[in-house]
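Worksheet: the structure to be examined is printed underneath.
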Protein chains: 2
Amino acid sequence: MGELSKESCEACRADAPKISDEELALLMPKIPEWGVIVVEGVMQLQREYRFKNFKQAMAFSNRVGELAESVGHHPAILLEWGRVTITWWSHEMNGLHKNDLIMAARTDEVLDV
Amino acid sequence: MGELSKESCEACRADAPKISDEELALLMPKIPEWGVIVVEGVMQLQREYRFKNFKQAMAFSNRVGELAESVGHHPAILLEWGRVTITWWSHEMNGLHKNDLIMAARTDEVLDV
């Protein structure tokens, strides 16, 4: 299997299929730091990143924001002192699309920039 | 009464007094868009700001981040598509200090920049 972050995001429509349980189980090990949470019945991917101070956390938030803007798919970015929590899901379909896992993998790459 | 945003933030210590109910009742009308929430027993000030797109929301988040960094007191900044939710409280004292109301007023001013 290739790198998840290198796969292409598909345009996402309200009637696009959510990711299957099988595919999710297959792909989650590729983004081991991410967890699946369920918020008001909606499955989401979440990871918390820690930083030494606010400035570094803000810089990371901005890199994630620029990544999001570049693909037209936007996570929730919670910026606090020394900590950024990123949550990806597909609003259009109230759940997870494979795109979200791809974006989670790309978010991890942005950390290393 | 003068403008809340023009008042000085005091250095905040763990043993500083939380804002009194009387002072809170007196000052909240100066920041009418803000609400008081209680999260795990901790009183916090929260306001949601709406924007036309992600880019404008991110720009506002950054202005709030710079404001926070300039005074050394940091809120939680939740950035989503078209929406930014700011939450102020004083971590050191697990509650609200007058500083937080001052910073809420200054956050409103940053919106208009």
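Find out how many positive minus negative residues lie around A:ALA76, taking Lys and Arg as positive, Asp and Glu as negative, among other residues whose Cβ is under 10 Å from that of A:ALA76.
The answer is 0.
Would you mind giving the total buried accessible surface between chains B and A, with a 1.4 Å probe and ligands, DNA and RNA left out, rounded to the nearest 100 Å²?
Numbers: alone 6480 and 6480 Å², together 11610 Å².
Buried surface at the B/A interface: approximately 1300 Å².
Run the helix sum for chain B: -39,500 (n - 2.57) per DSSP H stretch of 4+ residues, divided by residue count, reported at 222 nm to the nearest 500 deg cm²/dmol. Walk me through the numbers before you get to the answer.
Numbers: 3 runs with 39 residues, N = 113.
The per-residue figure over chain B is -11000 deg cm²/dmol.
Keeping to pairs on different chains or 8 or more places apart, tell me how many lysine pairs in chain A have Cα atoms under 16 Å apart. Could the numbers behind the result be given before it?
On the way: A:LYS6/A:LYS30; A:LYS6/A:LYS98; A:LYS18/A:LYS98; A:LYS30/A:LYS98.
So the count works out to 4.
So for the pair B:GLU40, A:SER8, with labels modelled 7 Å out along Cα→Cβ, what separation do we get in nm?
If labels sit at B:GLU40 and A:SER8, their model points lie 4.4 nm apart.
What net charge do the residues around A:VAL42 carry, taking every other residue with its C-beta under 13 Å from that of A:VAL42, with Lys and Arg at +1 and Asp and Glu at -1? Mind dumping the intermediate values first?
Values: positive: A:LYS18; negative: A:GLU40, A:GLU92, A:ASP100.
Cβ neighbours under 13 Å give a net charge of -2.
In square nanometres, what is one fourth of the surface area of the convex hull spanned by the alpha carbons of the protein assembly as shown?
Reported value for the Cα convex hull: 13.8 nm².
Rounded to the nearest 20 Debye, what is the dipole magnitude of the range A:9-65 about its Cα centre when Lys and Arg each give +1 and Asp and Glu each give -1 at the C-beta?
560
Might you report the magnitude of the Cβ-based charge dipole of chain B about its Cα centre, with Lys and Arg at +1 and Asp and Glu at -1, to the nearest 20 debye?
With Lys and Arg at +1 and Asp and Glu at -1, about 440 debye.
Place a +1 charge on the Cβ of each Lys and Arg in the protein assembly as shown and a -1 charge on the Cβ of each Asp and Glu, then give the dipole magnitude about the Cα centre in debye, rounded to the nearest 20.
On the way: 24 positive and 36 negative charges, 73 e Å.
Result for the protein assembly as shown is approximately 340 debye, rounded to the nearest 20.
Averaged over B:78-85, how many beta carbons belonging to a partner chain fall within 10 Å of each residue's beta carbon?
Numbers: counts 7, 11, 7, 8, 1, 1, 1, 2.
Mean number of neighbouring Cβ atoms from other chains: 5.
Given the protein chains as shown and a 1.4 Å probe, how many square angstrom of B:LYS55 are accessible, to the nearest 10?
140
Within 10 Å of each Cβ in peptide A:22-30, how many partner chain Cβ atoms are there on average? Round it to a whole number, please.
0
Using a 10 Å cut-off on Cβ atoms, rank the peptides A:81-88, A:69-76 from the highest mean neighbour count down.
A:81-88, A:69-76
Just going by the charge dipole of chain A, with Lys and Arg at +1 and Asp and Glu at -1 on Cβ, which of A:GLN44, A:LEU27, A:ASN62 is farthest out on the positive end?
Comparing the listed Cα positions along the dipole, A:ASN62 ranks first.
If DNA, RNA and ligands are ignored and the probe is 1.4 Å, what is the ranking of A:GLU92, B:GLU3, B:GLU40 by accessible area, most exposed first?
Sorted descending by solvent-accessible area, the residues read B:GLU40, B:GLU3, A:GLU92.
Just the projected area, averaged over all directions, of the convex hull on the alpha carbon atoms of the range A:19-111: how many nm²?
Spelled out: convex hull of the Cα atoms, projected over all directions, averaged, 5.7 nm².
The values are calculated or read from the model by the stated rules, or taken from the named source; none is laboratory data. Remember, it's a predicted structure, so these values are computed and weren't measured experimentally. Glycine also receives a Cβ, built like all others from the backbone with ideal geometry; neighbour counts cover every protein chain displayed. Side chains included, ligands, DNA and RNA excluded: accessible areas come from the protein's heavy atoms. Shrake-Rupley method; radii C 1.70, N 1.55, O 1.52, S 1.80 Å.
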